[in-house]
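As structure tokens, the structure follows; a few thoughts come after it.
Nothing in this text is a laboratory measurement; each read-out follows from the coordinates by a stated rule. Predicted, not measured: the structure shown is a model, and the values here were computed from it. Every residue, glycine among them, receives a Cβ derived from its backbone with ideal geometry; neighbour counts consider all protein chains shown.
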């Protein structure tokens with residue numbers, strides 16, 4: 001199953017596996033966790049999308065979203081918005097951080113983004129999108145990439161036209177999510193349309209949509225003829241997926257993570273979250289990850305029930321310790337002591 005390394009200008013992506021940008025998910029803590037769980041198997045990571053309005057107004061919370069660890073290279077920062085001048089200014093600010101590329105979001109289907117003219121709304125304003133891309137290209141010297149959907153709806157499939165326009169405007173890689181904006185995340189991603197984009201342009205094309213396992217990765221690579229594959233929701237449940245897919249590309253098989261490895265990853269995730277967030281945010285994100293990462297092993301239902309009742313990260317870690325020690329059996333949630341809540 002071929003998936004050779006590829007280049008985005010001077011940036012090598014090897015292997016051609018990309019951690020897709022996900023709002024509220026792909027912060028520095030999660031990106032680092034994925035790289036640690038799948039060492040050497042993540043060719044590129046991309047940040048959650050960053051508002052140009054917050055960036056250009058120097059909002060402190062937004063500026064913090066630009067933080068990354070030196071070990072994350074190659075890394076791209078994704079920005080979103082619709083104002084031409086602010087997009088160019090924000091891209092320049094991103095370049096100053098030393099990241100490897102600027103990615104522009106043209107695929108977010110969320111109403112609050114679309115109503116302000118950003119995300120997938122730009123698929124209905126291709127001339128305006130071209131103006132943005134050319135303005136950003138003039139402002140930065142690092143690679144510029146673009147992520148977009150196949151179109152607004154089935155009556156307006158514009159992915160090939162957008163890709164050709166983007167290439168002419170100086171974009172050096174495109175990522176295509178195989179759904180329309182109207183689909184949101186329902187139905188199946190159309191990888192035949194991603195393949196059409198690949199045939200239409202000479203720049204690298206990364207396919208996105210429904211890559212949640214080794215089998216789906218293999219199927220999409222074969223169907224799309226793409227240069228790379230973006231993994232999003234699959235990594236939320238299985239940050240080892242990149243290593244598993246990379247092994248499959250080599251004709252090998254990577255073992256599934258053990259329960260102990262999953263719990264160790266959760267402890268590490270807590271450490272990474274603590275570096276950036278207050279306890280309230282850390283505990284909320286840790287709860288979400290614990291529920292996702294524990295799916296499928298004996299007692300996972302009871303574990304998720306116990307995890308959902310915790311309010312602090314140290315309480316959650318105590319729950320994990322009880323499960324590891326065998327003190328909690330399937331169907332019998334562990335009892336968290338009061339000392340953690342003090």
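Between 0 and 90 degrees, the angle of helix 191-200 with respect to the longest Cα principal axis of the chain falls at about 40 degrees.
Going by neighbour counts of Cβ atoms within 10 Å, the residues 30, 6, 80 line up, fewest first, as 6, 30, 80. Using the Cβ-Cβ distance between residue 309 and residue 271 with R0 = 22 Å, the FRET efficiency computed as 1/(1 + (r/R0)^6) comes to roughly 0.45.
Evaluate the Debye formula for the range 123-174 with equal point scatterers sitting on the alpha carbons, no solvent, and hand back log10 of I(q)/I(0) at q = 0.26, 0.27, 0.30 Å⁻¹, in q order, two decimals. Here log10 of I(q) over I(0) equals -1.00, -1.05, -1.23.
Neighbour counts of other C-beta atoms within 10 Å: give me 177, 128 arranged from fewest to most. List each step's numbers first, then the result.
Values: 177 29, 128 14.
Ordered by Cβ neighbours within 10 Å, fewest first: 128, 177.
Within the range 1-107, the ratio Rg/Rh, alpha carbon atoms throughout and Rh by Kirkwood, equals 0.98.
Considering only alpha-carbon pairs that sit under 8 angstrom and 6 or more positions apart, the relative contact order computed for the range 116-254 is 18 percent.
Here is the size of the chain from its Cα atoms: Rg then Dmax, 20.5, 62 Å. Label zone (residue 284, point 7 Å along Cα-to-C-beta; backbone nitrogen cut-off 13 Å) within the range 47-68: none.
Between residue 153 and residue 184, what is 0.36 nm times their sequence separation minus the Cα-Cα distance? Round to one decimal in nm. Let's see the in-between values first.
Values: separation 31, 0.36 × 31 = 11.16 nm, distance 1.01 nm.
Contour length minus the Cα-Cα distance gives 10.2 nm.
The angle separating the long axis of helix 159-168 from the principal Cα axis of greatest extent in the chain is about 70 degrees.
Sorting 125, 218, 285 by the number of Cβ atoms found within 10 Å of their own Cβ, with the fewest placed first, yields 125, 218, 285.
Take the Cα of residue 61, step 7 Å toward its Cβ, do the same at residue 324, and the gap between the two points is 3.4 nm. Considering only alpha-carbon pairs that sit under 8 angstrom and 6 or more positions apart, the relative contact order computed for the chain is 14 percent.
Alpha-carbon geometry of the range 63-111: the Rg and the Dmax are 11.5, 35 Å, given in that order.
Counting only alpha carbon atoms, the long axis of helix 300-309 and the longest principal axis of the chain meet at about 90°. Placing a label point 7 Å from the Cα of residue 292 along the Cα-to-Cβ direction, the residues of the range 207-225 whose backbone N falls under 19 Å from that point are 208-217.
Can you work out the FRET efficiency for the pair residue 97 and residue 256, with r the C-beta to C-beta distance and R0 = 45 Å, to the nearest 0.05? Spell out each step's value before the answer.
On the way: r = 36 Å, r/R0 = 0.80.
Taking R0 as 45 Å, the efficiency between residue 97 and residue 256 is 0.80.
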